[in-house]
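Enquirer: What follows is a single structure, and I will ask about it in a moment.
Quick note: the coordinates plus some simple rules give every number you see, no bench work behind them. Owing to the predicted nature of the structure, the values given are computational and were not obtained by experimental measurement. Here Cβ is always computed from backbone atoms with ideal geometry, including for glycine, and neighbour counts include all displayed protein chains.
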Amino acid sequence: MKSLFQPVALAHASRLLNFGPTVLITSRHGDIHNVMAAAWSMPVEFTPPRVAVVIDKNTYTKQLIAQSGYFGICIPGAVIADLVMELGSCSGRDGDKFSRFQLPFYASATGAVPLIEQGCSAWLECRLIPEPHTEQQYDTCFAEVIAAAADPRIFANGRWQVTDENRDLHSIHHLGAGHFLRGTPLV
Ligand SMILES: Cc1cc2nc3c(=O)[nH]c(=O)nc-3n(C[C@H](O)[C@H](O)[C@H](O)COP(=O)(O)O)c2cc1C
């Protein structure tokens, strides 16, 4: 598949995450591709852009990231909120979720991670920063953003442009128990 997104300058990468959207974490090791939902992620540094994501040690995602050293963060739109719940309610250990949910993806430029654009507003490709002590004690993973891109219908010129016309791509914010808030501007 070919990307329809536009590159986002790394200087603006933090803007893709700083408002706390629920995200999809993608991973790949060899022939295995996987994706899970994550409500807990945030930017932590501007230059170079770095992020923190909480990924439970018991997930298949964590295993694949430990093996490959890379993961993707895809920002789902409201149109796929139900799918986000599904992707966060089963494990890739029990079968390929991309096939099961007929979810298309394409390989990042480095080939390290699968990236989802259908129903998503943006993605970030991230390289794990090895932190053996932190990884042993906690579920938090730190990573450097090495590439980012967004759908120009909702993120252009380094800014979110959230309107009634792009409702399908509005961010979702997990309240718990399968309920989400939609991210819309005050004015
Ligand atoms: C809306 C939602 C948000 C979630 N947020 C997180 C999170 O921030 N961190 C986490 O480790 N798991 C989170 N989960 C749970 C994982 O997505 C879930 O354990 C998933 O099945 C792991 O898949 P895997 O074993 O294929 O990696 C969330 C699930 C849902 C539905």
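Enquirer: Using just the helices of the chain, give the 222 nm mean residue ellipticity in deg cm²/dmol: DSSP H runs with n ≥ 4 each add -39,500 (n - 2.57), and the total is spread over all residues, rounded to 500. Write down the numbers at each step before the final one.
Expert: Working: 4 runs with 26 residues, N = 187.
Helix-only estimate at 222 nm: -3500 deg cm²/dmol.
Enquirer: If you don't mind, there's one more thing I want to ask. Once you sort the root eigenvalues of the Cα gyration tensor of the chain as a ≥ b ≥ c, which label holds: rounded (a/c under 1.5), prolate (a/b larger than b/c) or oblate (the other case)?
Expert: Working: a/c = 1.40, a/b = 1.23, b/c = 1.14.
It comes out rounded by the Cα gyration axes.
Enquirer: Give the residue from 152, 115, 187 lying farthest towards the positive end of the charge dipole for the stretch 89-187; charges sit on Cβ (+1 for Lys and Arg, -1 for Asp and Glu) and the dipole is referred to the Cα centre.
Expert: Final value for the positive-end residue is 187.
Enquirer: Quick one: if the Förster radius is 30 Å, what FRET efficiency do residue 86 and residue 156 give, using the C-beta to C-beta distance and rounding to 0.05? Mind dumping the intermediate values first?
Expert: Numbers: r = 30 Å, r/R0 = 1.00.
Efficiency computed from Cβ-Cβ geometry: 0.50.
Enquirer: May I ask which residue of 162, 65, 136 lies farthest towards the positive end of the charge dipole of the chain, with charges of +1 (Lys, Arg) and -1 (Asp, Glu) on Cβ and the Cα centre as origin?
Expert: The one lying farthest along the dipole's positive direction is 162.
Enquirer: May I ask you to derive the FRET efficiency for residue 6 and residue 106 from their Cβ-Cβ distance with R0 = 22 Å, giving the value to the nearest 0.05? Mind dumping the intermediate values first?
Expert: Values: r = 15 Å, r/R0 = 0.68.
Efficiency at R0 = 22 Å is approximately 0.90.
Enquirer: Could you list 97, 57 in order of exposure, starting from the residue whose Cβ has the fewest other Cβ atoms within 10 Å? Don't skip to the end; give the middle numbers.
Expert: Details: 97 20, 57 11.
Least crowded to most crowded, the residues run 57, 97.
Enquirer: Given points 7 Å out from each Cα along the Cα-Cβ axis, report the residue 164 to residue 140 separation in nanometres with one decimal.
Expert: 4.2
Enquirer: Now, a different point. Order by neighbour count: 15, 159, fewest other Cβ atoms within 10 Å first, most last. Kindly include the intermediate steps, with their values, before the conclusion.
Expert: Numbers: 15 19, 159 10.
Taking fewest neighbouring Cβ atoms as first place, the list is 159, 15.
Enquirer: Determine the sum of side-chain charges near residue 157: Lys and Arg each +1, Asp and Glu each -1, restricted to other residues whose C-beta is under 15 angstrom from that of residue 157.
Expert: Details: positive: 15, 153, 159; negative: 151.
Here the charged neighbours net out to +2.
Enquirer: Still on this structure, please answer the following. Which of rounded, prolate, oblate describes the stretch 106-187, given a ≥ b ≥ c as roots of the alpha-carbon gyration tensor eigenvalues and a/c under 1.5 marking rounded, otherwise prolate only if a/b is larger than b/c?
Expert: Working: a/c = 2.33, a/b = 1.44, b/c = 1.61.
It is oblate, given that a/c is not under 1.5 and a/b is not larger than b/c.
Enquirer: At 0.36 nm per residue, and after removing the present C-alpha to C-alpha distance, how many nm does the segment from residue 31 to residue 47 gain when stretched out fully?
Expert: Values: separation 16, 0.36 × 16 = 5.76 nm, distance 3.26 nm.
Result: 2.5 nm gained on full extension.
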